[in-house]
1. What residue among PRO272, ALA320, TRP200 has its Cα farthest toward the positive end of the dipole of the range 190-341, where the charges are +1 on Lys, Arg and -1 on Asp, Glu, each on the Cβ?
2. To make sure I understand, if each residue's beta carbon is the centre and we count other beta carbons within 10 Å, what order do TRP99, TRP603 fall in, fewest to most?
3. Would you calculate the convex hull of the Cα atoms in the chain and tell me its volume per residue in Å³?
4. Which loop trypsin sites (Lys or Arg not before Pro) in the range 401-474, with loop taken from DSSP, have no more than 11 other Cβ atoms within 10 angstrom of their Cβ?
5. Using the Cα centre of the range 468-547 as the reference point, and only Cβ charges (+1 on K/R, -1 on D/E), how large is the resulting charge dipole? Debye, rounded to the nearest 20.
6. Please name which of PHE455, GLY472, ASN503 has its Cα lying farthest along the dipole of the range 443-555 towards the positive end, using unit charges on Cβ (Lys, Arg +1; Asp, Glu -1) and the Cα centre as origin.
7. Using Cα centres only, tell me the gap between the range 199-224 and the range 49-120 in whole Å.
8. Relative to the Cα centre, what is the charge dipole magnitude of the chain, using +1 at the beta carbon of each Lys and Arg, -1 at the beta carbon of each Asp and Glu, and rounding to the nearest 20 debye?
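Since every read-out is calculated from the coordinates, none of them should be taken as a lab result. Remember, predicted model here, so these are calculated numbers, not experimental data. Cβ placement follows ideal geometry from the backbone for every residue including glycine, while neighbour counts extend to all protein chains displayed.
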Amino acid sequence: MNHRRSIGLLSITLCGILLAAQTVLGNGFTLEQVLSMPFPSDLIASAKGDKVAWVFNDQGKRNIWVADAPTFKGRQLTRYDKDDGQEITEPVFSADGNWIAFVYGGPPNGDKDSPNPTSDPSGAREEVRIVNVRSGAVMTAGEGTHPFFAPHNDRVIFSHDEHLWSVAIPVVSSVKAAPPKLAAPKKLFEIRGTVAAPVWSPDGSRLAFVSSRRDHSFIAVYEPRGGTIRFLDPGVDRDIDPRWSPDGKKIAFIRLFNISDTPSADRERLLPWSIRVVDVDGDQGNQVWRSGDAWMDSFSRLPLEDNILQWAGSDRLIFASEKDGWAHIYSVPATGGTATILTPGNYEVENMTWSPDRSYIVVSANNGDIDRRHLWKIRLDGSGAEQLTSGDSIEMFPVIVSGGKQIAFMQATANQPLVPLIATSDCKTKTPIAPQAVSRDFPMEQLTQPEQVIFKAADGVEIHGQFFKPKGANGRAPAIVFMHGGPIRQMLLGWHYNYYYHNAYAMNQFLASRGYAVLSVNYRAGIGYGRAFREAKNRGARGASEYQDVVAAGKYLRSRSDVDGKRIGLWGGSYGGFLTAMGLARDSDLFAAGVDLHGVHDWSARADRGQGGGSPELIKLARESSPISSVDKWKSPVLLIHGDDDRNVAFSQTIDLVRKLREHNVQFEELIFPDEVHDFLRHQTWLRAYHAGVEFFDRKLGRETRN
């Protein structure tokens, strides 16, 4: 008999679940408490370095905060007071620091519907808004994204319908005056194709951008005064990431070569690339550096995201590459020559910021502490590196302020979630920017310190994980394996810097507080351990080689004397949901139950749309690499959780799995969120999902009762 519980039954019993989950056991705490800290993101600094700003997500209420020199005392700028799922992203200062532009809401789906997780009858849309840093007055510029300001701070420009639009900014006469309504936006210029990556010249007279034409793209320059557009060094390849030289006479850019290549069963496409420099007033560009043609040389967006290429001065370029197998920073003469590595070693650089004189950068990396992040000062003359932070903390997203005298960044520990700090340039003195925003209910002293564990998969690959041992546990505890999503992620020995995994870390702490031993697994295909680990052969739809790391985690737990090997569960979201379903489908004798949030269950559905090459052989392999191909072996119960407006993993992935589970009489329960997206937008959604997951594990695995 199928013992499926419907969402209706779950909804009816929700109050009882919440009460049970909130019960404080010994040194326990509630899920509400451990998720009560505001989460900071999008830390930015003004051009003058006299202000920093960031976004706080306080239990679903998202707002921009700002702090001014010299005290850098944080204050709330916007006043959004509802858990309505409307995001705030992409904040950017005007050059004079008087305005911040940002995106309110989320991008539309394929049906052109913006995220509306409260099912508000008035609807929702993705808008560019601006806020005055002094008065807090907020004005709407129009539908769009990717805002930036005109050189004289008199206009805000943004992307809409894949082109650029402009709106004049009015003068705000008084702090108390009502904000004026902005005029209708006007298209900046017409051009065939789509416009991306716009950047002003140093003197503000010209705008460089990428003009994409489906199978190729150009670097173009728009001159507002003359009303002209010129293409620089056009070719048949994909030109991206234009960067002006400090004197405004040259532009460096990346060229991705269009080559003939077919995806194979064990690797991604090869993508050789080069760096070119072109005189803005000339025609022909020069290649100053070229990658090799081997797999490790292939272009990757992973290193430093938007900071892949930058000018260090008029004579040198800084770029990121994984040519030695790790995400590192290199320097090359702007006239061409040999590239010099600036961050050598078996570690990865994740984000960075520039000094005002562009003589050094500050990076966040896992150098010498592979399961954390720390800040390092890298001198661009090649004279060496200086470690600025160390120890049991995690530091991310640095920005240099006060003319290089101070650094703002985010920091977390095992007990303290991410918070914004201001520090001296050597980071020896650090001060919280917004201590008043800290939740008084947060159970900092009651959390467990995760332990680093290292074990090997069946093929000998070394796997790192974090083990959350329940405090005061006696005897053999039930255990749970957690798998992150992505899969291009790395879980750390502390609170995570990504909102999704900040919540997941809270869930793991809560499970540990209720008597479960939790093992968070950094399976192959994730970041932090080099490109060969991240792009492991036969992973995902090409053979699911990473699944053996999950099996190894289960066997590791079974080998521990403090774990009940018959009560091991699985949970994870997205890619982690895929691996949860894989464990239940292939190894129900090892994994007794699972909670699968918006997981991929049939890779062939995605491969058939061209994401895996689309060949019959790869589609067949993709299905064989999916949990849906092994449902006939599935014996353990599962809780399926999914939002039906998911833009990352199609809701049909869960529909199709449920059909198969019904056919084979597999026990399953479901919790469905109408109008929610992949990364749940409402705080209440996270609470409902996690409460349901805990209650499910309590029923299926049991937990040790402690006095």
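1. TRP200
2. Numbers: TRP99 21, TRP603 27.
Arranged by neighbour count, lowest to highest, TRP99, TRP603 become TRP99, TRP603.
3. Working: hull volume 112.7 nm³, N = 707.
Expressed per residue, the convex hull around the Cα atoms of the chain is 159 Å³.
4. Numbers: sites: LYS405, LYS428, LYS430, ARG440, LYS456, LYS471; in loops: LYS405, LYS428, ARG440, LYS471.
Those satisfying the criteria are LYS428, ARG440.
5. Dipole magnitude for the range 468-547 comes out near 140 debye.
6. PHE455
7. With the range 199-224 and the range 49-120 each reduced to a Cα centre, they are spaced 28 Å.
8. On the way: 80 positive and 83 negative charges, 182 e Å.
In total the dipole reaches around 880 debye.
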